[in-house]
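The values are calculated or read from the model by the stated rules, or taken from the named source; none is laboratory data. On a predicted model such as this, the values are computed, not experimentally measured, just so you know. Cβ coordinates were reconstructed from backbone atoms using ideal geometry, including for glycine residues, and neighbour counts include every protein chain displayed. SASA here: full protein model, heavy atoms, side chains in, ligands and nucleic acids out. Shrake-Rupley method; radii C 1.70, N 1.55, O 1.52, S 1.80 Å.
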Amino acid sequence: MRWLQRLIKLTQRERGFHLVTDEILDALPELREFPAGILNLLIQHTSAGLAVNENASPEVLWDFETWLDHTVPERAPYWTHTLEGPDDMPAHIKSALLGSTLALPVADGRLALGTWQGIYLCEHRDQGGPRSIMATAWGPD
Amino acid sequence: MRWLQRLIKLTQRERGFHLVTDEILDALPELREFPAGILNLLIQHTSAGLAVNENASPEVLWDFETWLDHTVPERAPYWTHTLEGPDDMPAHIKSALLGSTLALPVADGRLALGTWQGIYLCEHRDQGGPRSIMATAWGPD
Amino acid sequence: MRWLQRLIKLTQRERGFHLVTDEILDALPELREFPAGILNLLIQHTSAGLAVNENASPEVLWDFETWLDHTVPERAPYWTHTLEGPDDMPAHIKSALLGSTLALPVADGRLALGTWQGIYLCEHRDQGGPRSIMATAWGPD
């Protein structure tokens, strides 16, 4: 059994949606030696998320941000957790909606994603800082 | 360690929610030999999704579609990614909300789901075509 | 390869969001012997969910419930699945939005979560009863 576990620190991004497939794979060169496997990712934060979606059009990334801001509004009258700023509680909800973890197949040393799929860093805070991702991969010898 | 990885092509479905548990298991007969394990599924598309939910009432499937259409509306004024038709950008959002991957336990050669749980194909496009799922399973000998 | 699979019965909680990290880990004492691994959890119900989010402020838990109740309303005119009570169909949607499964990294015998992360039981029914979770963990020797 092959096994790999490593904490990855992503470079800081501004609020919004960002493709990070290449940055994650560059931090895990051993994956190229896996004939098959799974790559599990956990973002160790509660106001950012990970998702898999379209890797081609920047408009798709913008529209994700617009829809989420519309659907999980800042300064809504029902928020009680407001101490950490207006972007904080919506960021928690957005993080849970899109999710904090991914488990993606690996085949022939590469992620077995669809042609148009990439990994999104979903940064929901105005000043999120650099984000840590615990990457774990396993597979047969 | 047992290991199984196979690309499954689902038969084409119309827009909406569809139970595909049996179709997926029929494509993976080796799972019956796993004393324990995990089955990971990735749908290799960005406008369809996978979810686990109620396997009995067709009304539940319809209400999923109705709620999503209400909450992620087509032709909203804020969409910028409209080139691929009015159903495309909402389909990306819906896919990310419900998720593209599942990791389900296997015990005694069967999915260890709850009594009322089944696997949903969430088809968010009017003409989605057949969908590909990369299935990966592993477990002890 | 290490392998552990066990059905956990959580104590019954009222409707809302509840931190259950300690209750789950207490049911899996063997995890402390895993040098590395993954813990997969499936809640075997379609009207409750599992999520990872903030483990410190009770206000965050309340605001999750408030936002979900606002966004997936009971007694909306479009529901057709109303036979099991007004809280049932919204509970199915909420369960699928936040998800039924988690796959969390283990390092040095502990969950490798971020400082502020904990596991939420998301109880979406008024009388959900005790909830069953199938826990599966694996890792290298």
Requested in this report: Answer yes or no as to whether C:Thr136 is of a type in the set (Ser, Thr, Tyr), at the interface with another protein chain (Cβ under 9 Å from one of its Cβ atoms) and within 24 Å of A:Gln44 (Cβ to Cβ).
Outcome: yes
Query - Enumeration of residues in segment C:63-119 that are closer than 16 Å to C:Gly49 by Cα and in a loop (DSSP other than H, G, I, E, B) - result: C:Val72, C:Asp87, C:Gly99, C:Ser100
Query raised in the report: Within segment A:90-99, is there a residue that is of a type outside the set (A, V, I, L, M), surrounded by fewer than 22 Cβ atoms within 10 Å (Cβ to Cβ) and either on the phi > 0 side of the Ramachandran plot or without any contact (Cβ under 8 Å) to a residue 40 or more places away in the chain (or both)?
Result: no
Query raised in the report: So which residues in segment B:12-25 are out of contact with any Lys or Arg (no Cβ under 9 Å at 6 or more places or on another chain) and either open to solvent by 30 Å² or more (accessible area, probe 1.4 Å) or in a strand (DSSP E or B) (or both), if there are any at all?
Result: B:Glu14, B:Gly16, B:Phe17, B:His18, B:Leu19, B:Asp22, B:Glu23
Query raised in the report: Applying the selection to segment B:123-141, what residues are of a type outside the set (Asp, Glu), farther than 30 Å from C:Arg2 by Cα and in a strand (DSSP E or B)?
Result: B:Ser132
Report task. Give me a count of the residues in segment C:26-46 that are of a type outside the set (A, V, I, L, M, F, W, C) and either open to solvent by less than 10 Å² (accessible area, probe 1.4 Å) or over 24 Å from B:Ala112 (Cα atoms) (or both). Result -> 5
Query raised in the report: How many residues are closer than 19 Å to C:Ala91 by Cβ and in contact with a Lys or Arg (Cβ under 7 Å, 6 or more places away or on another chain) when one looks only at segment B:50-100?
Result: 1
Report task. Please verify whether segment C:32-55 includes one or more residues that are more than 12 Å from every other protein chain (Cβ to nearest Cβ) and at pLDDT 95 or above. Result -> yes
**Report entry** Filtered residue count, segment B:47-60, keeping only those that are open to solvent by less than 30 Å² (accessible area, probe 1.4 Å) and under 16 Å from the mean Cα position of the chain (by Cα)
**Finding:** 9
Query raised in the report: Can you find a residue in segment B:69-80 that is open to solvent by less than 10 Å² (accessible area, probe 1.4 Å) and within 15 Å of the chain's Cα centre (by Cα)?
Result: no
Query raised in the report: What number of residues within segment A:47-59 satisfy the criterion of being closer than 20 Å to A:Thr115 by Cα, in contact (Cβ under 8 Å) with a residue 40 or more places away in the chain and not in a strand (DSSP E or B)?
Result: 2
Query raised in the report: Is it fair to say A:Asp87 is within 14 Å of chain B (Cβ to nearest Cβ), of a type in the set (Asp, Glu) and touching a His at 6+ places or on another chain (Cβ under 9 Å)?
Result: no
Requested in this report: Examine segment B:102-120 for a residue that is at the interface with another protein chain (Cβ under 7 Å from one of its Cβ atoms), within 22 Å of A:Val106 (Cβ to Cβ) and either surrounded by fewer than 23 Cβ atoms within 10 Å (Cβ to Cβ) or touching a Ser or Thr at 6+ places or on another chain (Cβ under 6 Å) (or both), and state whether such a residue exists.
Outcome: yes
Report task. Might you let me know whether segment A:100-108 holds any residue that is in contact (Cβ under 8 Å) with a residue 24 or more places away in the chain and in contact with a helix residue (DSSP H, G or I) (Cβ under 8 Å, 6 or more places away or on another chain)? Result -> yes
Report summary line: If you go through C:His81, C:His92, C:His124, C:His70, the only one that is out of contact with any helix residue (DSSP H, G or I) (no Cβ under 8 Å at 6 or more places or on another chain) and at pLDDT 95 or above is C:His70
**Report entry** Residue list for segment C:122-133, restricted to those being under 23 Å from B:Ala107 (Cα atoms) and crowded, with 22+ Cβ neighbours inside 10 Å
**Finding:** C:Arg131, C:Ile133
**Report entry** Complete set of residues in segment B:56-84 that are away from chain C (no Cβ under 13 Å) and of a type in the set (Ser, Thr, Tyr)
**Finding:** B:Tyr78, B:Thr80, B:Thr82
